[in-house]
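Read the structure below first, then the notes.
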Amino acid sequence: MPRAIWKGAISFGLVHIPVSLVSATSSQGVDFDWLDKRSMDPVGYKRINKTTGKEVTKDNIVKGVAFKKGRYVVLSEEEIRSAHPKSTQTIEIIAFVASDQIPLQNIDTPYFLAPDKRGGKVYALLRETLSKTRKVALANVVLHTKQHLAALMPLESALVLVMLRWPAEVRSLDELELGSDVTKPSLAKGELDMAKRLVDDMSADWKPDDYRDSFQEKIMALVAKKAKSGKIEDVETRQDSEERKSADVIDLTELLKRSLAGKPAKKPAAKKTTKAS
């Protein structure tokens with residue numbers, strides 16, 4: 001299994017399900033690094049003052065948020081840290097909604113969830129319940145000091161945590177200013193029939209292996225060819241490692257009954273917090 005990037009627990013009612021978060025995707029694009037052709041040393045980015053064109057040292061850089069055009073409010077690192085949500089190592093379920101109610105444009109990044117520390121049975125219980133009720137679980141989760149709205153979804157024998165864009169981040173379709181020829185089209189039956197026949201003729205089963213990035217394949221083939229001929233440059237790089245902390249949680253299956261009996265009040269969705277970058 002790929003390395004877990006986060007460990008914690010799914011929480012709903014009084015039930016905790018220990019889980020590990022694993023990225024469901026991997027970047028396959030070609031990564032071109034900048035190198036100094038004279039020495040083959042890596043080339044980084046300088047911090048440049050856009051007015052003077054001069055380099056600015058890290059000590060002289062502060063973070064500001066645009067308040068009005070040309071006017072900024074400067075925030076200290078301490079003020080920014082105080083606004084960060086606390087990392088609870090918990091995927092807190094706040095509601096269950098119909099799976100078809102989440103708009104496509106709100107869906108962002110998917111992650112796989114794997115059961116951890118003997119949490120398999122409760123994990124399977126939640127997955128089967130979501131599958132049979134055709135519901136997804138809306139949840140709050142904090143990753144790397146950033147708060148996310150997310151959706152827990154069943155996927156075959158697993159659970160997937162899909163990060164959702166905050167509603168304020170999604171533009172309205174009204175911004176497209178679609179005309180009546182699009183929203184209320186006048187389409188002849190013959191036109192629709194021909195379009196349907198074309199779709200039928202081009203219909204196929206989804207076979208992921210049939211679709212590849214041709215640019216990446218050509219570049220990597222060229223890299224392999226040049227490497228085989230000995231055209232390789234030595235570049236010294238550094239690798240940083242980061243340890244991930246895990247949450248100490250207890251799998252208490254019997255708390256499910258107590259959760260139902262107690263019927264705790266629904267918790268409102270947490271408001272989005274703004275993180276300065």
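The values are calculated or read from the model by the stated rules, or taken from the named source; none is laboratory data. The structure displayed is predicted, hence computed values, not measured ones. When we count neighbours, we look across all protein chains shown, and the Cβ atoms used for this are built from the backbone with ideal geometry, even at glycine. Protein only, heavy atoms only, side chains kept; ligands, DNA and RNA dropped before computing areas. Shrake-Rupley method; radii C 1.70, N 1.55, O 1.52, S 1.80 Å.
Taking region 140-171 on its own, how many of its residues are open to solvent by 20 Å² or more (accessible area, probe 1.4 Å), more than 19 Å from residue 86 (Cα to Cα) and more than 12 Å from the chain's Cα centre (by Cα)? If you could, list the steps in order and put the result at the bottom.
Looking only at region 140-171, we keep the residues that are open to solvent by 20 Å² or more (accessible area, probe 1.4 Å), and these are 144-149, 153-158, 165-171.
Filter again for more than 19 Å from residue 86 (Cα to Cα), leaving 153-158, 165, 167-171.
Among the residues that remain, those that are also more than 12 Å from the chain's Cα centre (by Cα) are: 153-158, 167-171.
So the answer is 11.
Suppose we filter 271, 263, 267, 231 for residues that are at negative phi, open to solvent by 80 Å² or more (accessible area, probe 1.4 Å), among the charged types (D, E, K, R) and at pLDDT 55 or above; which single one remains? Spell out how you get there, then give the answer.
Values: 271 fails: at pLDDT 55 or above; 263 fails: at negative phi; 267 fails: at pLDDT 55 or above.
Matching residue, one of 271, 263, 267, 231: 231.
Sort out for me the strands (runs of 3 or more DSSP E) sitting completely within region 24-139 that have 1 or more residues that are at pLDDT 80 or above, under 30 Å from residue 220 (Cα atoms) and open to solvent by 60 Å² or more (accessible area, probe 1.4 Å).
Values: elements: 63-68, 71-75, 90-98, 107-115.
Qualifying strands (runs of 3 or more DSSP E): 107-115.
Could you tell me which residue of region 203-217 is modelled with the lowest pLDDT, considering only residues that are surrounded by 10 or more Cβ atoms within 10 Å (Cβ to Cβ) and outside any helix (DSSP H, G or I)? Quick ask: steps written out before the conclusion?
Start the filter on region 203-217 by keeping residues that are surrounded by 10 or more Cβ atoms within 10 Å (Cβ to Cβ), which leaves 212-213, 215-217.
Next, only the ones that are outside any helix (DSSP H, G or I) stay: 212-213.
Details: 212: 82, 213: 78.
It comes out as 213.
Of 200, 174, which residue is among the acidic types (Asp, Glu), open to solvent by 100 Å² or more (accessible area, probe 1.4 Å), more than 30 Å from residue 38 (Cβ to Cβ) and modelled with pLDDT of 90 or more?
Values: 174 fails: modelled with pLDDT of 90 or more.
Answer to the check: 200.
If you check residue 166 against the conditions, is it of a type in the set (Phe, Trp, Tyr) and in contact with a Lys or Arg (Cβ under 9 Å, 6 or more places away or on another chain)?
Here the answer is yes, as residue 166 does meet what is asked.
Among residues belonging to region 4-23 that are aliphatic (A, V, I, L, M) and open to solvent by less than 40 Å² (accessible area, probe 1.4 Å), point out the one that is nearest to residue 116 (Cα to Cα). Before the answer, list the steps.
From region 4-23, those aliphatic (A, V, I, L, M) are 4-5, 9-10, 14-15, 17, 19, 21-22; that's our starting set.
With open to solvent by less than 40 Å² (accessible area, probe 1.4 Å) added as a condition, the list becomes 4, 9-10, 15, 17, 19, 21-22.
Details: 4: 11, 9: 9, 10: 11, 15: 14, 17: 8, 19: 5, 21: 10, 22: 12 Å.
Applying the filter and picking the extreme gives 19.
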